[in-house]
Amino acid sequence: MDLIAELNSGKWISWATNTAALLAPKEPEVSLFLSGLPLWIAVVVLVALPSMAAMYGPVLIRRRFGLEPLASNNEIAGFKFATVGVIYAVLLAFAVIVVWQKFSDAEAAVVQEAGASATLYRLAAGAVPEAAATRSALTGYLNLAIEREWPRMAEGEESREVTRALDALYAAALRLTESKSKDAAISGAMFAQLDTLTQARRSRLHAAAGAVPGVLWAALFCGALLTVGFAFFFGSENLPAQVIMIGILSAIVFMGLLVIVSIDHPFTGPVHISSEPLQTVIEDFAHG
């Protein structure tokens, strides 16, 4: 079977699609697992090994078809490869922008939660027991968020214990308001900050679950295999040079996927958002 017939049979596309379906992360388990890998292991698994495998591809194709059938298609294949490359580059860039925006939003939510906590602590100041109880409930909530919820968010989940602590904080704030020790304006400001804190927490919990749906993972991995595999069918008399160029192409493509995997879950793995803003607020409470 010649090269054209082999390609028209659709076996190469079928192979790439099936392989991508096996490699593409399934939300949430596999993507969480990949995000949680040490960075050097992720580089080996997602960049080094696929690139080395891709570099062997032109050698196999050359042995299968020979140089002349491959070289005869270089001109037409070049235009098609440019189109394929641009389409995949747009898809990859779109995914990177989406996950980076979600990562930035999650980071902003943590800072917003810390800022609302600091403001609420100051608004709750007072000599009455209800004020001290509100401050204590706020400190307890922040400590539990750091100690219990951050590890849970690394698994894409939330802590019910922290939810109960937030309920206790609302109850303490309500008792403080009912004590009439604060005027209406301050009470309103307190609950505005408490609502901001709650919304910020919900935002970071939502971000912890990841931003890339399964269908986009499949498209990204399938597109990567098809884009790199397309380059196997160019014919160059200098085979070592072609192997090196395909290795470079593969490394660039899979480095893009590495970036997406690394930041898709903002609270998981070596590239993650820390609880430092909340810890700083607690330290300020101790000195306040």
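Readers should treat all values here as calculations from the given coordinates under stated rules, not as data from a laboratory. Note that the structure is a prediction, hence the values are computed from the model and not measured. Counting neighbours? That spans all protein chains shown, and the Cβs are built from the backbone with ideal geometry, glycine included.
Points worth noting:
- With Cα atoms, 0 to 90° folded angle of helix 11-23 axis to the chain main axis: 20 degrees
- Residue order, fewest to most surrounding Cβ atoms within 10 angstrom, among Ile252, Ile263, Ile146, Ile76: Ile76, Ile252, Ile146, Ile263
- When volume of the Cα convex hull per residue in Å³ is computed from the coordinates, the matching label among (i) 157; (ii) 127; (iii) 148 is (ii).
- Ordering His265, His272 by the number of other Cβ atoms within 10 Å of each residue's own Cβ, fewest first, gives His272, His265.
- Comparing Cα centroids, the stretch 126-151 and the stretch 187-218 end up 20 angstrom apart.
- Options Phe33, Tyr170, Ser159, ranked by Cα towards positive dipole end of the chain, top entry (Cβ charges): Phe33
- Whole-number percent relative contact order across the chain, with pairs defined as alpha carbons under 8 Å at least 6 apart: 41 percent
- Cα-based helix-to-principal-axis angle, 160-178 vs the chain, degrees rounded to 10: 30 degrees
- Calculated SAXS-style log₁₀ I(q)/I(0) at q = 0.11, 0.16, 0.20, 0.25 Å⁻¹ - the stretch 180-268, Debye, Cα scatterers: -0.56, -0.79, -0.96, -1.16
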